[in-house]
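This report concerns only the one structure given below.
The values are calculated or read from the model by the stated rules, or taken from the named source; none is laboratory data. Predicted model only: the values in this text are computed from it and were never measured. Every residue, glycine as well, gets a Cβ built from its backbone with ideal geometry; the counts of neighbours run over all protein chains shown. What goes into the accessible areas is simple: the full protein's heavy atoms, side chains included, and nothing from ligands, DNA or RNA. Shrake-Rupley method; radii C 1.70, N 1.55, O 1.52, S 1.80 Å.
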Amino acid sequence: MVGQRLDIHRRDRGERALVTLVGAIGPATAPLLRAALEQCLRDGMTAIDVDLATVGSCDAKGLDVFLTASERADRVHPCLRLRHPCAQIARLLAVTDSASLLNDPPGASPSADEQQGAGDRTGRPVVKDGVRLRRLTREQAEGMSEDIADLVVEPAAGLSAHADRQRDAFLDRLAVSSRRPGFALLVAETTVLVGCAFGFPVGPGARSERGLQESVQRLTGCAWFMLLTQVVAHHHAQYRDIGRSLQQRLLADRHAALGVVLLHPADQAGQAAFESWGWRNCGEMVGLPGRGAPCLLVLCRESRPVPAPRLRPPRPSVPWVVPRACRAHAPGGAVPGE
């Protein structure tokens, strides 16, 4: 079992302290957190803001540290507040009636992180309209896999066999993708999970994706790209913006100029969703081993236009793309799906 780690960074602005935590809060790391908060009180800080944006989990011992420090702060008039908790910590605070740790007292001045310039926030999770984007490590993704899988299951599906198949297929896809070099997973959160996107980079020399890599390079001129194996942004009024933000942030984090998605030709709803996010549907890719003829969709990072498909005669046994406009002219009038 991998030992827990918690990095603690403190920055003072006058009598206000910003304590930024990175890692996990549990039995092994709670004493470090307790010592750091007690030192803030001994130093006479009148306000302590604890930034949880890069904390993946917190257990009961960690919660006890926060509650004890808050009680001590209240006795000597400083206030202690938690900022940007992940979904798991937000649920923990809610079920233990400790959500008051998230609230500022009446008339409180802006928090330490709110007083910073935007230039000091490089690398921190993006928060917009109450929705935060956060990247998970492989270990964090494994620990939250069941919660993430809930996003895939439609609410109406309930406990049906179809819902179980959806969940199992997602967990299998996540397990396979997470073993790939360069794997990256982002989640979007409010007080609960509202979206996720994950994938891995593909470039020259990738043995398992060689046919795909060569075909995409011929089609777009891009030799290196990010293959997104799952994007989910359901059950939220801002799902279009959430999906678009997750995809662009994933490309930016991996410094990829191009994103690629493969969808079943019959998945019309999926194709429509990706097209609404700005993806270009290049048609059905013929010749990929074991994949039938999936639809290839591409997305350029930022606002650069997606290059138009380059029509070239296919070489024997080499994957090639049937463009959407030419789909009716494929042999037999259609390309078989998976």
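Kindly provide the set of residues from segment 22-38 that are surrounded by fewer than 21 Cβ atoms within 10 Å (Cβ to Cβ) and either closer than 17 Å to L101 by Cα or without any contact (Cβ under 8 Å) to a residue 12 or more places away in the chain (or both), ordered by number.
P31, R34, A35, E38, listed by residue number.
Those residues that are in a loop (DSSP other than H, G, I, E, B) and either among the acidic types (D, E) or surrounded by fewer than 23 Cβ atoms within 10 Å (Cβ to Cβ) (or both), I need them from segment 209-234; list them, please. Full working, then the answer.
Our first condition is that a residue be in a loop (DSSP other than H, G, I, E, B); within segment 209-234, this holds for 209, 221-224, 233-234.
Within segment 209-234, E209, G221, C222, A223, W224, H234 qualify.
From (1) closer than 25 Å to Q140 by Cβ; (2) in contact with a strand residue (DSSP E or B) (Cβ under 8 Å, 6 or more places away or on another chain), pick out the condition that doesn't hold for C79.
(1)
What single numbered condition from (1) assigned to a helix (DSSP H, G or I); (2) out of contact with any Phe, Trp or Tyr (no Cβ under 9 Å at 6 or more places or on another chain); (3) open to solvent by less than 30 Å² (accessible area, probe 1.4 Å); (4) not β-branched (V, I, T) fails to hold for E284?
If we test E284 against (1) assigned to a helix (DSSP H, G or I); (2) out of contact with any Phe, Trp or Tyr (no Cβ under 9 Å at 6 or more places or on another chain); (3) open to solvent by less than 30 Å² (accessible area, probe 1.4 Å); (4) not β-branched (V, I, T), just (1) comes out false.
Could you tell me whether segment 156-175 includes any residue that is assigned to a loop (DSSP other than H, G, I, E, B), open to solvent by less than 80 Å² (accessible area, probe 1.4 Å), modelled with pLDDT of 80 or more and among the charged types (D, E, K, R)?
First, pick out the residues of segment 156-175 that are assigned to a loop (DSSP other than H, G, I, E, B): 158-160.
From what is left, the residues that are open to solvent by less than 80 Å² (accessible area, probe 1.4 Å) are 158, 160.
Filter once more, so that each one left must be modelled with pLDDT of 80 or more: none.
Scanning segment 156-175, I find no residue that is assigned to a loop (DSSP other than H, G, I, E, B), open to solvent by less than 80 Å² (accessible area, probe 1.4 Å), modelled with pLDDT of 80 or more and among the charged types (D, E, K, R), so the answer is no.
In the list A47, A99, A118, which residue meets the criterion of being modelled with pLDDT under 90, open to solvent by less than 40 Å² (accessible area, probe 1.4 Å) and not charged (D, E, K, R)?
A47
State yes or no: is A90 closer than 28 Å to G143 by Cα, in contact (Cβ under 8 Å) with a residue 60 or more places away in the chain and open to solvent by 10 Å² or more (accessible area, probe 1.4 Å)?
yes
Using beta carbons and a limit of 9 Å, which pairs, at least six apart or on different chains, have the first residue in segment 245-270 and more than 17 Å from R180 (Cβ to Cβ) and among the small types (G, A, S) and the second one modelled with pLDDT of 90 or more and part of a helix (DSSP H, G or I)?
A257/L251
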